[in-house]
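Below is one structure, written out as structure tokens, with a few remarks after it.
The values are calculated or read from the model by the stated rules, or taken from the named source; none is laboratory data. Remember, it's a predicted structure, so these values are computed and weren't measured experimentally. We place every Cβ from the backbone using ideal geometry, glycine too, and count neighbours over all the protein chains shown. In case anyone asks, the SASA skips ligands and DNA or RNA and just uses the protein heavy atoms, side chains included. Shrake-Rupley method; radii C 1.70, N 1.55, O 1.52, S 1.80 Å.
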Amino acid sequence: HYPLRRQRQMCIRDSFLMTRRYELMKRQLSSGRTVKMTVSGNSLSPLVNNKDTCLFHPILPGWNSHIEAGEVVICCSMPDRKICCGLVWRRYEFWTDCGTQADCYIIGNAKEGDERVFGHCFKEHIYGLLTTLVPASTPD
């Protein structure tokens, strides 16, 4: 039982650290600073691969606030309000009960099929936009 319990503890710790990492990136981006991160995992492959280094610029109203489908962003995805790195699949106009229009984005990974979408977010919940990608070095 010990190895299984240890493995579960490591998963909980890794999940906590990843959440903390994204929270720190959100704070930096919200304050207008650029964020550099090394990606772990292949959910955005072939656009972004495991161990690639990404540079995210903050989304600032009036400057670079135009977000298109196919761009990689750091955002707060609904419905679980999890801060994550995801691919914008499409943009649509959402009309509130008050009659105002808001931009809404479908966020997911780069896989095909139904599992590719994991949520949506409004424009004000997109904190950073991938601007520079440095591929991980490959062994010769």
Q) Which percent of the accessible area of segment 22-140 is formed by carbon and sulfur heavy atoms (probe 1.4 angstrom)? A) 52 percent
Q | Under-5 Å amide H pairs with residue 71, H placed in peptide plane, nonlocal only | A | 88
Q: Please give the net charge around residue 132, taking every other residue with its beta carbon less than 11 angstrom from that of residue 132, where Lys and Arg add +1 and Asp and Glu add -1.
A: 0
Q | Cα gyration tensor, segment 26-127 - rounded (a/c under 1.5), prolate or oblate | A | oblate
Q: Please list 27-36, 125-134 highest first by mean number of surrounding beta-carbon atoms within 10 Å per residue.
A: 125-134, 27-36
